[in-house]
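Everything below concerns the one structure shown next.
The values are calculated or read from the model by the stated rules, or taken from the named source; none is laboratory data. Keep in mind it's a predicted model, so treat the numbers as computed, not measured. The accessibility values were calculated without ligands, DNA or RNA, using every heavy atom of the protein model including side chains. Shrake-Rupley method; radii C 1.70, N 1.55, O 1.52, S 1.80 Å.
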Amino acid sequence: MSSPVRIRPILSEHLGAVAEVHRAAFPESAITRAGHEATRRYYEWLLIGPHPESHTIGAFLDERLVGFNFGGRFDGALSGYLRKNRLFLASRIALRPWLLLNPTFRGRFAMGADVLQRFRRRTASAPASVKASAEREAAPYGILSIAVDPAVQGAGVGQALMRAAEAEARRRGHERMKLSVHPENTQAVRFYERGGWQRVDEDSEWNGRMIRPVSPDAT
């Protein structure tokens, strides 16, 4: 790798490249199967929100985006995307009805419908209590989506993104970080475990949730 990796904020002009990195890193994901524009719109929603507690960064080699991390806290990451883009997504399915034959896409579609129903129930309920607000303040810093272009995997891009995310979590006063990974993505699971991430114990089969403490600032 001739140039060092530079970490800087993701801007709207980078969203097309973000979508392509996602599609290259996760070729079997439901949103990848929905197409480039569906993927771009998802990250556009994460970027512009409103998500006042989000932290979106990209890894660049020269001027080429080769990785990204969308972290912090997102209000309605999936439900907001589905609500804002419901007509577009319906048209995607109408044009590609075979998507519903794919188990991954069908599962995500069903989960999305459930998320929307729960969102409607929450918005119809009473305002959040003081206890809920306190729990939110103590919540870990979340890694919602992190991806590296497969062409540069092993070059330290993922580690650079994680270091930057942890620095931001530390700056915000978080004591822990959290993420979810597909349990069958053994390469990603090994990467996280080498970085000090631990699996969250579940009563049944592990579902991919991981957590790690935020390290003290070495300086």
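Report in % the part of the accessible area of segment 1-99 that belongs to carbon and sulfur, leaving out ligands and nucleic acids; probe 1.4 Å.
57
Tell me, in nm to one decimal, what length is gained between GLU184 and ALA167 on full extension, where the rule is 0.36 nm per residue of separation less the Cα-Cα distance?
Between GLU184 and ALA167, full extension yields an extra 3.3 nm.
On a C-alpha basis, how far is the centre of segment 13-74 from the centre of segment 167-199 in Å? Whole number, if you could?
Cα centroid to Cα centroid, the span is 18 Å.
Under 5 Å between amide H atoms, partner at least 5 residues away or on a different chain: which partners does SER54 have, H built in plane at 1.01 Å?
Close amide H contacts, sequence-distant or interchain: ARG73.
Considering only protein heavy atoms and a 1.4 Å probe, what is the carbon-and-sulfur percentage of the accessible area of segment 136-210?
41
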